[in-house]
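The values are calculated or read from the model by the stated rules, or taken from the named source; none is laboratory data. Remember, it's a predicted structure, so these values are computed and weren't measured experimentally. Quick reminder, even Gly has a Cβ in these numbers, built from the backbone with ideal geometry, and neighbours come from all protein chains shown. Note: accessible area is taken over every heavy atom of the protein model, side chains too, but ligands, DNA and RNA are not part of it. Shrake-Rupley method; radii C 1.70, N 1.55, O 1.52, S 1.80 Å.
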Amino acid sequence: MLAEQESKELEEKVSSIKNDQSDLFAAIAKLREAIDSLNTEGRQRLLAAYGVVNENFQKLFVQLFGGGKAYLKFTDETDPLQAGLDIFASPPGKKLQNLNLLSGGEQALTALSLIFAVFLTNPAPICVLDEVDAPLDDANVTRFCNLLSELTKITSTRFIIVTHHALTMSKMN
């Protein structure tokens, strides 16, 4: 006797669930569209920043090493948002190789080139460097200090350097 009433209740429940389902499908579609839009914009911004950073990196590398060649490359060119970044460097007199194959001092100078390349794209008012000159010899410390002097002229950044290297202490203000 209650079958007709239960049938109506179940039909209303099914109708409500179908409405909720269509709302969920619409929300999912809207979210996917927003994610695609964000990914597209993110790729564009990443590629633009990558171009500037790579250009700065190449210039700073040559300046710190007194020659040579270096560049950055995505590990997966098809999707830069998911890709890693490889660093290739060729100090003067050496063949082009991955960062891992360089000596400790060469790795430090290459890393400094990359850090300052990123830094130049969006300078901060203050930068603290903690014993970054430790693995460097005197000639490379001189190049490093000269680069810092140039960066203070180009940007309005104040650099605080923690060091035990006497040459760095004598060259910095």
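In whole percent, how big is the carbon plus sulfur part of the accessible area of the chain, probe 1.4 Å, protein atoms only?
Working: 6300 of 11390 Å².
That share works out to 55 percent.
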Cα-based helix-to-principal-axis angle, 104-121 vs the chain, degrees rounded to 10: 60
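Semi-axes of the chain's equivalent ellipsoid from the Cα gyration tensor, sqrt of 5 times each eigenvalue, largest first, rounded to whole Å? Please report the intermediate quantities before stating the final value.
Details: eigenvalues 652, 70, 39 Å².
Equivalent ellipsoid semi-axes, largest first: 57, 19, 14 Å.
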Pairs of Lys in the chain closer than 23 Å at Cα, counting only those 8 or more apart or on different chains: 13
Max mean-square fluctuation residue, GNM over the chain, Cα-Cα springs under 10 Å, options Val53, Val118, Val162: Val162
Per residue solvent-accessible surface (Å²) - the chain, probe of 1.4 Å: 66
Modelled label reach - Leu46, point 7 Å along Cα→Cβ, the stretch 82-113 residues with backbone N closer than 18 Å: 82-87
Estimated [θ] at 222 nm from DSSP helical runs (n ≥ 4, -39500 (n - 2.57)) normalised by residues in the chain, nearest 500: -21500 deg cm²/dmol
